[in-house]
Amino acid sequence: MEYEDFKDNETLELLKKSGGNILLSTIDNIINWGRSNSIWPLTFATSCCGIEMMAAGAPRHDFARFGVEVYRASPRQADVIVVAGTIVHKMAPVLKRLYEQMPDPKYVIAMGACAISGGPFYYNSYSVVRGADQVIPVDVYIPGCPPRPEALLYGIMQLQRKIKSEHPMGNGKDQIDPDADAETQAKNK
Amino acid sequence: MRMENNSLRQRMETLVPDATFPINSQYLELVVPDGLFHEFCLNLKTSPDLLFDYLISLTAIDWKDHYMMVYHLTSTTFRHTVVLKVRIDNRENPQVETVSDIWKTAEFHEREVFDLFGIRFLHHPDLRRLFLDDDYGFPLRKDFADESRMIVK
Amino acid sequence: MQEEIVKNIILGEDEDYIINMGPQHPSTHGVLRFEVSLQGERIKKVVPHCGYIHRGIEKMCERDTYAQIIHLPDRMDYLSAHINNEAVCLCVEKALEVDVPERVTYIRTILDELNRIASHQLWWCAMGMDMGALTTFFYGLRDREKILDIFEESFGSRLIHSFNTPGGFMHDIHPGFQKRIKEFITYFRQKLPEYDRLLTNNVIFRERSIDIGTLSKDDAIQYGVTGPSGRGSGFSCDVRKIEPYGVYSRVEFNEILMTEGDVMARYKVRIAEMYESMRILEQLVDNIPAGDYSAKMKAVLRLPAGEFFQRVETARGELAVFIVSDGNKSPYRIKFRSPNFSNLFIISKLAEGFKIADLVAISGSLDLVIPDIDR
């Protein structure tokens, strides 16, 4: 196609609605493969799960071999935020601001029982937010208190699978359903 | 010289005749009336045979009709320990003298007690809340209830 | 008067340049916010703001039974989780006047010292990483995994065990426990001089730590700075020597004291403490007496009415547990005097006049764990 048409986003939308062509879906796969194999997290650890996250980066359970190469200190350069630790009412606006500062496509992993639902602090605490998903949308939940580093690696692998089945041009939340036939796929897009 | 509980008790009685001594199996415990509290603490720190210069812990207990401030003090030279208590009877507006000019660490422990109980410390250099928001209640009081945030088992 | 004010505003003398470090920051080791007022790169004032992880543990414990509160102090200072557990158990056992079997006290002391070495290793890696030496992160965590293997074999969990209960343990330790500790000691005795060669004599590290953040002994006592941070200034505050618990009265070890009080002194105290911990382990590991792993306790514990106080030495300083009981099965009031709470606030005094990079070095040398401050 012409280069001006290629750069033009409205044309791309029309192309997707009509089903697209094989070249585009191969590009989808390449983009998704690239994204899923190089997710760089933000340094965000509030409490005990942070130590297991550091241990997952340590020589024994190295997660750099999964593509999680470095930790970025600034949210503008990070792809994923691993919410490791309890979120408290005073910290919740800070978490929301960090999430909003991250550029798309961004993902969230809720690590540990505290980030899933408040954990051991569910009953009788007056200041704990019962789960990080009350503040930001979460993609993967990893249970444990604290979860082993191997559990974090499994969670990262699940996130990689989720990214690979995603629509790269969409807002990150559409899924390509491989079992549906071409008609329903076109309808879903 | 390290003083045993009996000799400590006699010494305290000379300094504050009105003090009462509840029974405690571990350390010497004394309840001091409110008016003489600050001067007594200064004596505890500066008297050459007592020298209580390290404040281990400062806290408050809510006994439903009164508050009790509890101070654990020890001496780094003689290694004797004493538990000091002050009773606060006013529940609506509890106040007590600060000891942050005697032991600097009390400045922050008192801010924490103010945050969690609402007890005001007179002449404190910077009394503001430490952990919680300014308009939140005082959680460690026994009559505190927050339906929106607490899930009570 | 008015002209002066206008002149000051124009020259900018009245204004402080204030920046925020945190709460999300790679080097604050948790969620702590420093409000730093600067003049150029020199710090004029540092105000720490805590409360970003305040979970209300003391209030939560008022509704749990004595066997259930064991799990909460673990999560306060999670790097010395076993020592925190032991503090609560000792306080409850003192109140109930229970005779704990010899085997339990020996193993508790051994686990204390292992936990202390693991915590100091993590401190060493974080301190090096903050100063820019990323190698220490990898070396320290690699060696720490050996200790976590020992824990995992006996308890099933690496970081937070909750293995102590009032009266003893939940179950007996693994039969290979003693052998593994001996292997670890031989391995670690070779590695610790490597740590020294890597960091202690490094010229960049020395420039960044000697005469930085000097804490005098008087200030340490006034502010209640305990643990290795206080001992680096000459404040003799080791609870294992003052009010011994466990088997500490029967083992030989030195209390490490230094006089300079700067970042390098606190660093050296912690490295020397790792050697002392290994010495204690060597004296104890072969002499664990056989016996029960727990005393006979009732199913529901009720403490007699009264107040009970217990002090222990965690890896960061003195933890004191104060339980007020009115005869029920939950404590009426429980107070944790945590070491990091007192150690934190000295930072506004120590960092004045230094640069921001020195603030990072000072807070690394104080070894703060933030959930312990906020509880």
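The values are calculated or read from the model by the stated rules, or taken from the named source; none is laboratory data. Everything numeric in this text was worked out from a predicted model, so none of it was measured. FYI the Cβ positions are ideal-geometry reconstructions off the backbone, even for glycines, and counts take in every protein chain you see.
Kindly establish whether residue B:9 is touching a residue at least 12 places away in the same chain (Cβ under 8 Å), more than 14 Å from chain C (Cβ to nearest Cβ) and under 14 Å from the mean Cα position of the chain (by Cα).
Against the criterion (touching a residue at least 12 places away in the same chain (Cβ under 8 Å), more than 14 Å from chain C (Cβ to nearest Cβ) and under 14 Å from the mean Cα position of the chain (by Cα)), residue B:9 does not qualify.
Scan segment A:138-150 and give yes if some residue there is more than 12 Å from every other protein chain (Cβ to nearest Cβ) and at pLDDT below 85, otherwise no.
no
Looking only at residues in segment C:346-367 that are within 14 Å of chain B (Cβ to nearest Cβ) and aliphatic (A, V, I, L, M), which one is farthest from the chain's Cα centre (by Cα)?
Filtering segment C:346-367 for residues that are within 14 Å of chain B (Cβ to nearest Cβ) and aliphatic (A, V, I, L, M), the one farthest from the chain's Cα centre (by Cα) comes out as C:350.
Cβ-Cβ distance below 7 Å, separation of 6 or more or different chains: which pairs start in segment B:30-56 with a residue that is over 16 Å from residue B:100 (Cα atoms) and within 12 Å of another protein chain (Cβ to nearest Cβ) and end on one that is among the hydroxyl-bearing types (Ser, Thr, Tyr) and outside any helix (DSSP H, G or I)?
What qualifies is B:51/B:75; B:51/B:77.
Rundown of residues vs (1) at pLDDT below 85; (2) at the interface with chain A (Cβ under 10 Å from one of its Cβ atoms); (3) in a helix (DSSP H, G or I); (4) surrounded by 20 or more Cβ atoms within 10 Å (Cβ to Cβ), yes/no style:
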{"site": "C:122", "(1), (2), (3), (4)": "no, yes, yes, yes"}
{"site": "C:138", "(1), (2), (3), (4)": "no, yes, yes, no"}
{"site": "C:149", "(1), (2), (3), (4)": "no, yes, yes, no"}
{"site": "C:158", "(1), (2), (3), (4)": "no, yes, no, yes"}
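Limited to segment B:94-140, what total is found for residues that are within 10 Å of chain C (Cβ to nearest Cβ), in contact with a strand residue (DSSP E or B) (Cβ under 6 Å, 6 or more places away or on another chain) and in a loop (DSSP other than H, G, I, E, B)?
Residues meeting the conditions: 2.
Give the residue that is nearest to residue B:56 (Cα to Cα), with candidates limited to residues of segment C:214-225 that are of a type outside the set (D, E, K, R) and out of contact with any Asp or Glu (no Cβ under 6 Å at 6 or more places or on another chain).
C:224
Please determine, by comparing only the residues of segment C:220-236 that are surrounded by fewer than 24 Cβ atoms within 10 Å (Cβ to Cβ) and not in a helix (DSSP H, G or I), which one is nearest to the chain's Cα centre (by Cα).
C:236
If you go through segment C:313-345, how many residues are within 12 Å of chain B (Cβ to nearest Cβ), in a loop (DSSP other than H, G, I, E, B) and in contact (Cβ under 8 Å) with a residue 24 or more places away in the chain?
So the answer is 5.
Consider residue B:70 carefully, then state whether it is away from every other protein chain (no Cβ under 12 Å), crowded, with 17+ Cβ neighbours inside 10 Å and hydrophobic (A, V, I, L, M, F, W, C).
Here the answer is no, as residue B:70 does not meet what is asked.
Can you find a residue in segment C:97-118 that is over 22 Å from residue C:250 (Cα atoms), surrounded by fewer than 23 Cβ atoms within 10 Å (Cβ to Cβ) and of a type outside the set (Phe, Trp, Tyr)?
So far as segment C:97-118 goes, no, none of its residues is over 22 Å from residue C:250 (Cα atoms), surrounded by fewer than 23 Cβ atoms within 10 Å (Cβ to Cβ) and of a type outside the set (Phe, Trp, Tyr).
Is segment C:301-309 home to any residue that is charged (D, E, K, R), under 20 Å from the mean Cα position of the chain (by Cα) and in a strand (DSSP E or B)?
No - not one qualifying residue is present in segment C:301-309.
Can you spot a residue in segment C:324-333 that is polar (S, T, N, Q), under 18 Å from residue B:105 (Cα atoms) and surrounded by fewer than 20 Cβ atoms within 10 Å (Cβ to Cβ)?
No, segment C:324-333 has no match at all.
Suppose we filter segment C:197-219 for residues that are part of a helix (DSSP H, G or I), under 18 Å from residue C:364 (Cβ atoms) and within 14 Å of chain B (Cβ to nearest Cβ); how many remain?
The number of residues fulfilling the criteria is 0.
Report yes if residue C:42 is more than 27 Å from residue B:133 (Cα to Cα), modelled with pLDDT of 85 or more and surrounded by fewer than 15 Cβ atoms within 10 Å (Cβ to Cβ), otherwise no.
Yes: the conditions hold for residue C:42.
Quick one: residue B:12 ticks every box in (1) in a loop (DSSP other than H, G, I, E, B); (2) buried (at least 18 other Cβ atoms within 10 Å of the Cβ); (3) at pLDDT below 85 except a single one, so which number is it?
(1)
For segment C:243-263, how many residues are under 18 Å from the mean Cα position of the chain (by Cα) and outside any loop (DSSP other than H, G, I, E, B)?
The qualifying residues number 1.
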